[in-house]
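The values are calculated or read from the model by the stated rules, or taken from the named source; none is laboratory data. These figures come from a predicted structure and were not determined experimentally. Glycine also receives a Cβ, built like all others from the backbone with ideal geometry; neighbour counts cover every protein chain displayed.
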């Protein structure tokens, strides 16, 4: 039997998912490694919890630059969802992480920030969309996977170029889940060609992903684009229509308001 290695597990799955593995399963398959495994998981989990600490503040959107800096944040380049408050250290988006922690996955391309709209429409055309349980294959002939795509980031605030090379899976994650700055994205399915947002996780995903994507609108709508043009500063605009669940993305690419 192949020896149990905690580092192989952590490499493939976030620590919070490993804690969901039943101890009985570990005892059955790896009896001699159980205690060491759980001790290492606990230590790594404590470190991860500290690193990804999030404190909700209902008045965050109205704080001044000085108040934000005192809390470890700043006003930076907008994320795909139009938010500008980012972490000083890791540059993750405050409101995007709030969305991720609520286990909400979804987006409406009409309400994405103008610097991202067309780029994401082009990117999603490369994805073979299937049911939520299946992998969504990236349609590409490239021998190098995952591919990198040109996309704005927190560096766009001070960089000479608006866009930079970004891992394709991270770009998909930041569209469907939210902007996580310097943090990495992991594929739970292990399929290097998969771009199903429900198979992509980061350190901010504290629970198992939902079974469905809350909302997924890939086509432009004139009325929605007008709403966006008149309400660009509304930080809640990207969450429009997020209360509904859809059964199959192939049947509901466009969702009425």
Can you find even one residue in the stretch 166-186 that is at positive phi, surrounded by 13 or more Cβ atoms within 10 Å (Cβ to Cβ), part of a loop (DSSP other than H, G, I, E, B) and touching a strand residue (DSSP E or B) at 6+ places or on another chain (Cβ under 8 Å)? yes
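Yes/no matrix, rows are residues, columns are (1) over 21 Å from the mean Cα position of the chain (by Cα); (2) at pLDDT below 85:
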site	(1), (2)
214	no, no
217	no, no
221	yes, no
227	yes, no
240	no, yes
244	no, yes
Helices (runs of 4 or more DSSP H) fully within the stretch 54-144 counting 2 or more residues that are surrounded by fewer than 17 Cβ atoms within 10 Å (Cβ to Cβ): 65-71, 117-124
If you go through 189, 194, the only one that is surrounded by fewer than 20 Cβ atoms within 10 Å (Cβ to Cβ) and over 10 Å from the mean Cα position of the chain (by Cα) is 189
Residues satisfying the stated conditions in the stretch 50-81, i.e. under 15 Å from the mean Cα position of the chain (by Cα) and within 25 Å of residue 159 (Cβ to Cβ): 79, 80, 81
Report yes if some residue within the stretch 157-166 is modelled with pLDDT of 90 or more and assigned by TED's automatic domain parsing to the domain that holds residue 104; otherwise report no. yes
Of (1) out of contact with any strand residue (DSSP E or B) (no Cβ under 7 Å at 6 or more places or on another chain); (2) in the same structural domain as residue 213 (by TED's automatic domain parsing); (3) in contact (Cβ under 8 Å) with a residue 60 or more places away in the chain, residue 141 satisfies all except one. Which? (3)
